[in-house]
Structures are given as C-alpha cells and as structure tokens.
Amino acid sequence: MLELHPEILPKDGDPRFAVLPYDEFLQVLEVLRRLTGNGKEPDPRYGGFWDDLSVEEVARRQGVKPVTDLSQLAWPYGPEDWDGFEEAVEKWRNEHPTGHN
C-alpha cells in the first residue's frame, strides 16, 4: 500500500490542491506508469525526467571521462570518408523539401 502524506492547500476556504513530498510524488508516478502501461522505464544511464541529476552523476552513470587530449575529439578518418556526402544531402533535400526558401 502506498502511504501518502499530502499537504492540503485551500483556495477560497475550500481544499483545492494537494502537495506531496517529492519521493512520494515519484512513487505515485511509478505506480501510474505500471498501472497504465504508459511510458518506458527510464534508462538508468540518464535517469528519468524528474530525477534532476547533476552533470557529474549523468557522466558517472554513462562511464564517460573528461577529455584530456583534444585530438580525441578530432575526426579519425580522412577526406575520402566524405565522398558523396554533399550529393547525398542535396538528394535528401530535394526528396524532402521543407517549404522554406
């Protein structure tokens, strides 16, 4: 059984809003997700939308490390790997026009 501890907020003398502690709110979301079958399980590498993870925590979960050598960011292939790229983009743009000039 899910135990909730809402704070009821009145408006014009009548109860209008219920405020839940954040951990209880997350529990309600999880129960609703399971009951309705809506939504996918959050990827643990990224967390759910409401998890409010720090950049450091996301990096830790993904196993990424700071870049220490800028050459790690360079394109590791030669110009021959770009052969046909411009033609492919032009073809795609002609097949899927955006309507913008």
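Values in this text are rule-based calculations from the coordinates and carry no lab data. Computed from a predicted model, the values in this text were never measured in an experiment. We place every Cβ from the backbone using ideal geometry, glycine too, and count neighbours over all the protein chains shown.
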Size of electric dipole in region 7-95: Cβ of Lys, Arg +1 and of Asp, Glu -1, about Cα centre, debye, nearest 20: 420 debye
Mean separation of Cα contacts under 8 Å, 6 or more apart, over the residue count of the chain: relative contact order %: 12 percent
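Rounded if a/c is under 1.5, else prolate if a/b beats b/c, else oblate: with a ≥ b ≥ c from the C-alpha gyration tensor eigenvalues square-rooted, which is region 47-101?
oblate
Which is the longest part of the chain that has none of the trypsin sites (Lys or Arg not before Pro) sitting in a DSSP loop with at most 14 other Cβ atoms within 10 Å?
After excluding every exposed loop site, the longest remaining stretch is 46-101.
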Among V64, V58, which comes first, then next, by fewest other beta-carbon atoms within 10 Å? V64, V58
Mind jotting down a quarter of the surface of the convex hull over the alpha carbons of the chain, in square nanometres, one decimal? 15.1 nm²
